[in-house]
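Visitor: Below are the structure tokens for one structure; questions will follow.
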There are 2 protein chains.
Amino acid sequence: MRASNYLFSTLRNSPTDAVVVSHQLMIRAGMIRQVSKGLYTWLPTGIKVLRKAEKIVREEMQNAGALEVLMPGVQPSELWMETGRWQKYGPELLRLKDRHDRDYCLGPTHEEVITDLARNELTSYKQLPLNFFQIQTKFRDEVRPRFGVMRSREFLMKDAYSFHANQGSLQETYDVMHQAYCNVFDRIGLDYRPVRADTGSIGGAFSHEFHVLAESGEDDIAFSDSSDFAANIELAEAIEAKTVADPATQDMEEVFTPNCKTIQQVADFLKLPVEKTVKTMLVKGLDENGKATIMALVLRGDHSINEIKVEKLAGALTPFEFAEESDIINAVGCGLGSIGPIGLKEKGIQVIVDRSAAVISDFCAGANKDDYHYIGINWSKDCPNFEVADIRNVVEGDPSPDGQGHIVIKRGIEVGHIFQLGQQYAESMNASVLDENGKSQIMWMGCYGIGVTRVVAAAIEQNYDDKGIVWPESIAPYDVAIVAMNYDKSEEVRAVCDALYADLNKAGVDVLLDDRKERPGVKFADCELLGIPHRIVVGDKGLANGTLEYKHRRSGESEDIPSADVLQTLQSKMNKNA
Amino acid sequence: MRASNYLFSTLRNSPTDAVVVSHQLMIRAGMIRQVSKGLYTWLPTGIKVLRKAEKIVREEMQNAGALEVLMPGVQPSELWMETGRWQKYGPELLRLKDRHDRDYCLGPTHEEVITDLARNELTSYKQLPLNFFQIQTKFRDEVRPRFGVMRSREFLMKDAYSFHANQGSLQETYDVMHQAYCNVFDRIGLDYRPVRADTGSIGGAFSHEFHVLAESGEDDIAFSDSSDFAANIELAEAIEAKTVADPATQDMEEVFTPNCKTIQQVADFLKLPVEKTVKTMLVKGLDENGKATIMALVLRGDHSINEIKVEKLAGALTPFEFAEESDIINAVGCGLGSIGPIGLKEKGIQVIVDRSAAVISDFCAGANKDDYHYIGINWSKDCPNFEVADIRNVVEGDPSPDGQGHIVIKRGIEVGHIFQLGQQYAESMNASVLDENGKSQIMWMGCYGIGVTRVVAAAIEQNYDDKGIVWPESIAPYDVAIVAMNYDKSEEVRAVCDALYADLNKAGVDVLLDDRKERPGVKFADCELLGIPHRIVVGDKGLANGTLEYKHRRSGESEDIPSADVLQTLQSKMNKNA
């Protein structure tokens, strides 16, 4: 590509509404422009990167034996009604009507359409397993689109769906997909982790997320510092090293705690370590019999509630929500800041205590009376009726659930997610095949997604400096930039540039020849902002000595190379860094 | 690809609702399945073809200097309001509301979005010309989706938009695109014609359609039999060789024509050639002053009205519609079958006579009295007050408008369309740049579309036989099929197949190894239905003689080739037929 025929659209300054680095740099480097909230146009530099990422994803899916298909983006409501998701899916599902007033949605995911295909086309276990993938623009009507294309409403996604005669076959394909995803992210050159994850609204029994590690990530990932354990914090089990509480040394006593609304204020006021306090939350919902019920959750003062764990508790209120102040006053007779576990059971409120809160002694809690707390509480003496469960988020330093080392927490950007869906979709849509004995049996399913758009943004979050993007070579918009000095004036510069440009193109190298009438500073800045891995400067000064200047974007190292060797040198550098 | 891991989904019989060959064969060959009216899933065999067509289109656009971009499929209404198309565009534009009740549409075309981009990013004439293209799924809410993916609601389209400082530059890029389109269709191997066309709802001054010639085409294309003149019949000028009518030899006379409702019935009843009759149509609409008006259009009995020509007449009623029976009775005092031009002018009705109808003599027309016609009419004597215009469709045998030869009419499938939009979009959206003198000036635009989806269907309409599809090699789902006989039982067959499969894959050949446990007849039928250009049969019988059977799908010719030469033979055959 000749820069004189190209659209750069580079900006010296970041737009004020861009808060994460990838968003800032994608705007500044002329990769994307917003058309409407969460809807972007990809400019020439952007789409080149996106297409390279797409190609890697497609090739690795094909290498893993998956078959490409393409389903419609607009999906009929009838299929979503069969699985019940037409009702259950929230406003992220954009519903619309066609000219004949029939209901459709813009597909955020395609389980229904592919299961419909499978039940129509697959008749025998002999056809299985099969794994279908597509690379398609999806739409999710995010309530708060943000971070540029990281959380946009329209985005390019690779989604795949596998069909199996039994769970063992599903596990095999799941493992193949796990490896294929590692291959994709390895090839792109990302620092990522596969982590155990919650299955969310897609459903199913077992899943892994693939996270690119970056400060701007929206997810917290819990790792072991001494093993390969990794899980989304939503899912990581909190292990309590102690099994029983220390013996009681104090007696419970009521104390006046005026104006202490938070647990930290209470601890400060009473000069107690926050680890010697508990906080009690009341949640409300319907119990198993459909009766409106309130339940108390108790955590150590320094811990935070994990709502997903609470939802999964046997006998928990589903769905639950936090009780409002009026509910609390009704139930225990005080406001938000003074709730405590003492006496709740006697009022008919079930008390669930987190493992770590259950092993402290001589602690402090609200007295269920405004502006009063108890100190010197001990469970066995003062509040013996409760159940223990894991309901908190892990924190750094917790023992790793696999028994090896301790928890470290990092932020991650979710770029992939694989699920074992089991039989739920196939069951609700009656997708079955005949088994070895000629008997009809519901198929098992897996599903596997990669946010191709988000991979591009995540790659930037891991690869930038103060000059701009530093692309991994795999997805750089161009492999090589030739920066020409006085291209319009110097016949020799022009001849050398044109020859090198032709040679590189012929060798299949993606090359940008900057032949613009711009100052060198502008050209260098654009080249660095765009993150082109290898740069050659062609100028009369160097040519007089028979040399060209080579500069490596990532290392910043530059050297003069004999102009006769330039093609060979570039090729060896590209191989070395690939 | 190994057939044992593939999804064929081939059918022996055509679905009853498929009326055109491409629709029938795409269903039968397992290329597509309907999900909802006009919405299809592309199965593995289908998407392979679509992706190959897409690749050719992308490469030729890049070769022509166009820059790839990707705009959102969901577009905000605000942009469409700027051009007025939010109101003007009919129900083909699927309008929808997001969760915040804001108006959007599913993009059927992207003039507004790209013009918005251009006005934001382009500031100087020095940046021009620029030509942006995207390959994207479009949505048009067709009133009557039909013919499979030929007229579906969702389809893959390449659309491009160019920006220019002046009309001359637009013409240059238009010519480059014209050539690029020829390159695309040549590379795919289609029999096509570029034809002059109407600009329709996109607007603009000048356009060409690219038509693939096929019986099932929805458009009539008029060609010269002795020059390269070609135009959509909507646009082809009807030339009348005669300049004046023959002299009158009869006097006008009223005759009773009971139960004659059509012009053919009248001609038969009166034993007159239909070329000696005229038919008169009343149309209604608003005149230039906004007054409801009726106008009469007169054609020779054997000709048909061209509504687009009528719409373009100076002073014509826009938009016009055909008068209803009640309007006709009101205006002339008779029903549909008996209208004629005599006396209409006197009743205040303007009479427009087609060129060919204006040069006949001693002819017959309705008498404006039910069940009566006049015979022996001559314009000069009997009806001198009328205007002459070209308002009919050309017919075969008409003189070619370029003066060379005569018109031949063939049916075509529109697969591409290029337009010179001029300044209308840029004007309404105020997309300007600074010119050489630092003065702001509105840009000139072109737009260029290829229906990638429809190209696939059109290729089939031109390439099939009674056994199935006969793909052009450029877009065949596989280049070569290896049909293995007793793959599961014969160790030698397996070894030869596996080695050949590996060699072909390594050579970059797209190969399908049919290793299924199916009867040979089933495998041959699938291979022919899928239209794979080259087939190798590997069986014990041939191997005993050291040969494999080669068969060419298009010619049907087969030969035994020494197994040692198979790779070389295949490669030379692929090159020869490429």
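The values are calculated or read from the model by the stated rules, or taken from the named source; none is laboratory data. What you see is a predicted model, and the numbers here were worked out from it, not measured in a lab. In this analysis, Cβ positions are derived from the backbone assuming ideal geometry, glycine residues included, and neighbour counts consider all displayed protein chains. Side chains included, ligands, DNA and RNA excluded: accessible areas come from the protein's heavy atoms. Shrake-Rupley method; radii C 1.70, N 1.55, O 1.52, S 1.80 Å.
Visitor: Given the structure, is residue A:354 of a type in the set (Asp, Glu), under 38 Å from the mean Cα position of the chain (by Cα) and open to solvent by 20 Å² or more (accessible area, probe 1.4 Å)?
Guide: Working: of a type in the set (Asp, Glu): yes; under 38 Å from the mean Cα position of the chain (by Cα): yes; open to solvent by 20 Å² or more (accessible area, probe 1.4 Å): no.
Judged against the criteria, residue A:354 is not a match.
Visitor: If we keep just the residues of the range A:64-82 that are more than 10 Å from chain B (Cβ to nearest Cβ) and surrounded by fewer than 19 Cβ atoms within 10 Å (Cβ to Cβ), which is nearest to residue B:1 (Cα to Cα)?
Guide: Selected residue: A:82.
Visitor: Still on this model: Sort out which residues of the range B:38-63 are over 27 Å from residue A:149 (Cα atoms), touching a residue at least 40 places away in the same chain (Cβ under 8 Å), within 11 Å of another protein chain (Cβ to nearest Cβ) and open to solvent by 10 Å² or more (accessible area, probe 1.4 Å), and write them in order of number.
Guide: If the condition is that a residue be over 27 Å from residue A:149 (Cα atoms), touching a residue at least 40 places away in the same chain (Cβ under 8 Å), within 11 Å of another protein chain (Cβ to nearest Cβ) and open to solvent by 10 Å² or more (accessible area, probe 1.4 Å), then B:40, B:48 are the ones that fit.
Visitor: Being more than 9 Å from chain B (Cβ to nearest Cβ) and open to solvent by 10 Å² or more (accessible area, probe 1.4 Å) is the filter here; which residues of the range A:99-119 pass it?
Guide: A:101, A:103, A:119
Visitor: Now for a separate question. For the range B:157-176, name all the residues that are touching a Phe, Trp or Tyr at 6+ places or on another chain (Cβ under 6 Å), of a type in the set (Gly, Ala, Ser) and closer than 14 Å to residue B:66 by Cβ.
Guide: B:160
Visitor: What are the residues in the range A:318-353 that are assigned to a loop (DSSP other than H, G, I, E, B), closer than 16 Å to residue A:385 by Cα and of a type outside the set (Gly, Ala, Ser), if any?
Guide: A:341, A:342, A:344, A:349
Visitor: So residue A:543 clears everything in (1) touching a Lys or Arg at 6+ places or on another chain (Cβ under 9 Å); (2) open to solvent by less than 30 Å² (accessible area, probe 1.4 Å) except one condition, right? Which one?
Guide: (1)
Visitor: Among the residues of the range B:132-146, which ones are touching a Leu at 6+ places or on another chain (Cβ under 9 Å) and more than 9 Å from chain A (Cβ to nearest Cβ)?
Guide: Correct list: B:133, B:135, B:138, B:140, B:145.
Visitor: Counting residues that are within 16 Å of residue B:375 (Cα to Cα) and open to solvent by less than 30 Å² (accessible area, probe 1.4 Å), which strands (runs of 3 or more DSSP E) fully inside the range B:214-288 reach at least 2?
Guide: Answer list for the range B:214-288: B:278-286.
Visitor: Assuming residue A:377 fulfils every condition listed in (1) under 30 Å from residue A:328 (Cα atoms); (2) modelled with pLDDT of 95 or more; (3) open to solvent by 10 Å² or more (accessible area, probe 1.4 Å) apart from one, which condition is it?
Guide: (3)
Visitor: Name the single residue that is surrounded by the most Cβ atoms within 10 Å (Cβ to Cβ) among those in the range B:562-577 being within 29 Å of residue B:187 (Cα to Cα) and more than 34 Å from the chain's Cα centre (by Cα). Talk me through it step by step, then tell me what you get.
Guide: Of all residues in the range B:562-577, those within 29 Å of residue B:187 (Cα to Cα) come to B:565-577.
In the following step, the residues that additionally are more than 34 Å from the chain's Cα centre (by Cα) were identified as B:565-572.
Working: B:565: 12, B:566: 22, B:567: 16, B:568: 11, B:569: 17, B:570: 24, B:571: 14, B:572: 11.
If we take residues in the range B:562-577 being within 29 Å of residue B:187 (Cα to Cα) and more than 34 Å from the chain's Cα centre (by Cα), then B:570 is surrounded by the most Cβ atoms within 10 Å (Cβ to Cβ).
Visitor: What are the residues in the range A:289-314 that are within 30 Å of the chain's Cα centre (by Cα) and surrounded by fewer than 20 Cβ atoms within 10 Å (Cβ to Cβ), if any?
Guide: Result: A:302, A:304, A:305, A:307, A:308, A:311, A:312, A:313, A:314.
Visitor: In the set A:122, A:128, A:96, which member is more than 26 Å from the chain's Cα centre (by Cα), of a type in the set (A, V, I, L, M) and open to solvent by 20 Å² or more (accessible area, probe 1.4 Å)?
Guide: Sole residue among the options that is more than 26 Å from the chain's Cα centre (by Cα), of a type in the set (A, V, I, L, M) and open to solvent by 20 Å² or more (accessible area, probe 1.4 Å): A:128.
Visitor: Then there's this: Mind checking which pairs have a first residue in the range A:430-450 that is without any contact (Cβ under 8 Å) to a residue 60 or more places away in the chain and a second that is surrounded by 11 or more Cβ atoms within 10 Å (Cβ to Cβ) and assigned to a loop (DSSP other than H, G, I, E, B), Cβ under 9 Å, 6 or more apart or different chains?
Guide: A:442/A:423; A:442/A:430; A:442/A:431
Visitor: Got at least one residue in the range B:116-132 being touching a residue at least 40 places away in the same chain (Cβ under 8 Å) and over 19 Å from residue A:10 (Cα atoms)?
Guide: No, the range B:116-132 contains no residue that is touching a residue at least 40 places away in the same chain (Cβ under 8 Å) and over 19 Å from residue A:10 (Cα atoms).
Visitor: Given the criterion open to solvent by less than 20 Å² (accessible area, probe 1.4 Å), polar (S, T, N, Q) and in contact (Cβ under 8 Å) with a residue 24 or more places away in the chain, identify the matching residue among A:136, A:167, A:171.
Guide: Of the residues listed, the single one that is open to solvent by less than 20 Å² (accessible area, probe 1.4 Å), polar (S, T, N, Q) and in contact (Cβ under 8 Å) with a residue 24 or more places away in the chain is A:136.
Visitor: Just need a number here: residues in the range B:471-481 that are in contact with an Asp or Glu (Cβ under 9 Å, 6 or more places away or on another chain) and either open to solvent by 10 Å² or more (accessible area, probe 1.4 Å) or more than 24 Å from residue B:55 (Cβ to Cβ) (or both). Steps first, please.
Guide: Step one: filter the range B:471-481 for residues in contact with an Asp or Glu (Cβ under 9 Å, 6 or more places away or on another chain), giving B:473, B:476-481.
Then keep just the ones that are either open to solvent by 10 Å² or more (accessible area, probe 1.4 Å) or more than 24 Å from residue B:55 (Cβ to Cβ) (or both); that gives B:473, B:479.
The qualifying residues number 2.
Visitor: Could you pull out the residue among B:2, B:12 that is more than 7 Å from chain A (Cβ to nearest Cβ), modelled with pLDDT under 95 and surrounded by fewer than 20 Cβ atoms within 10 Å (Cβ to Cβ)? First the steps, then the outcome.
Guide: Numbers: B:2 fails: modelled with pLDDT under 95.
Just a single option satisfies the conditions, and that option is B:12.
Visitor: If we scan the range A:354-366, do we find a residue that is in a loop (DSSP other than H, G, I, E, B) and over 22 Å from residue A:273 (Cα atoms)?
Guide: No, every residue in the range A:354-366 fails to be in a loop (DSSP other than H, G, I, E, B) and over 22 Å from residue A:273 (Cα atoms).
Visitor: Output the residue which, of all residues in the range A:15-35 that are open to solvent by less than 20 Å² (accessible area, probe 1.4 Å) and within 11 Å of chain B (Cβ to nearest Cβ), is farthest from residue A:145 (Cα to Cα).
Guide: A:30
Visitor: So, one more: Do any strands (runs of 3 or more DSSP E) entirely within the range B:368-461 hold 2 or more residues that are of a type in the set (A, V, I, L, M), and if so, which?
Guide: Numbers: elements: B:372-377, B:387-389, B:407-422, B:432-434, B:440-442, B:444-451.
Filter on the range B:368-461 gives B:372-377, B:387-389, B:407-422, B:432-434, B:444-451.
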